[in-house]
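Enquirer: Pasting a structure here, questions to come.
The values are calculated or read from the model by the stated rules, or taken from the named source; none is laboratory data. Model, not experiment: these values are computed from the prediction. Here Cβ is always computed from backbone atoms with ideal geometry, including for glycine, and neighbour counts include all displayed protein chains. Keep in mind that these areas ignore ligands, DNA and RNA; they rest on the heavy atoms of the full protein, side chains included. Shrake-Rupley method; radii C 1.70, N 1.55, O 1.52, S 1.80 Å.
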Amino acid sequence: MTTETTTAADTMTVEELRTQTRLLADELPGTLRRITLKAGGISVDVEWETAPAAAAAPTPAAALATPPAGLRPAAAPACPDRPAGLVQVTAPLVGTFYQASSPGGEPFVQVGDIVEPGHQLAIIEAMKLLNSITADVRGRVHAVHPQDGEVVEYAQPLFDLVPVD
């Protein structure tokens, strides 16, 4: 005979997880940079800057004020220079981020460039395999988040694109 034990974490809803995450974000010593929520098995991954935030900077809770799209909330807090409709390209896997096809080579894209769907933005190397990162929308590159050669995590923001017609 088996007995199932249900813990509070097993029965926590996505809304309860979001609420608890907002409470945690309010206690962080700096500005919230990234947050990942998962429902299956419940997981919370939080990254923040430990430098003191400027007085005009949004609070971590403000960054979580809107519910996540599906289970993935916005990866970066809202900020005054963040354009409306911004599309984030995130890492599809863990690996090393490269902005060019060879060391010291010309980057695939730079801030301000216009890209088309399918345009190569970067490469992520994982287990000796080079994985092409491409744009899904036509847009202007607003930001490149990781540094060349930096290890990136799954779902980490790589690029911000502002859609253009």
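Enquirer: When you scan region 123-140, how many residues do you find that are out of contact with any Ser or Thr (no Cβ under 8 Å at 6 or more places or on another chain) and open to solvent by less than 90 Å² (accessible area, probe 1.4 Å)?
Expert: If we filter region 123-140 for residues that are out of contact with any Ser or Thr (no Cβ under 8 Å at 6 or more places or on another chain), which is where we start, we get 127-140.
This time we only want the ones that are open to solvent by less than 90 Å² (accessible area, probe 1.4 Å), so: 131-135, 137-139.
The qualifying residues number 8.
Enquirer: Now for a separate question. Tell me the strands (runs of 3 or more DSSP E) entirely within region 96-149 that contain at least 1 residues that are small (G, A, S), in contact with a Cys (Cβ under 9 Å, 6 or more places away or on another chain) and in contact (Cβ under 8 Å) with a residue 60 or more places away in the chain.
Expert: It comes to none.
Enquirer: Tell me, which residue of region 141-165 that is charged (D, E, K, R) and open to solvent by 40 Å² or more (accessible area, probe 1.4 Å) is modelled with the lowest pLDDT?
Expert: Among residues in region 141-165 that are charged (D, E, K, R) and open to solvent by 40 Å² or more (accessible area, probe 1.4 Å), the one modelled with the lowest pLDDT is D165.
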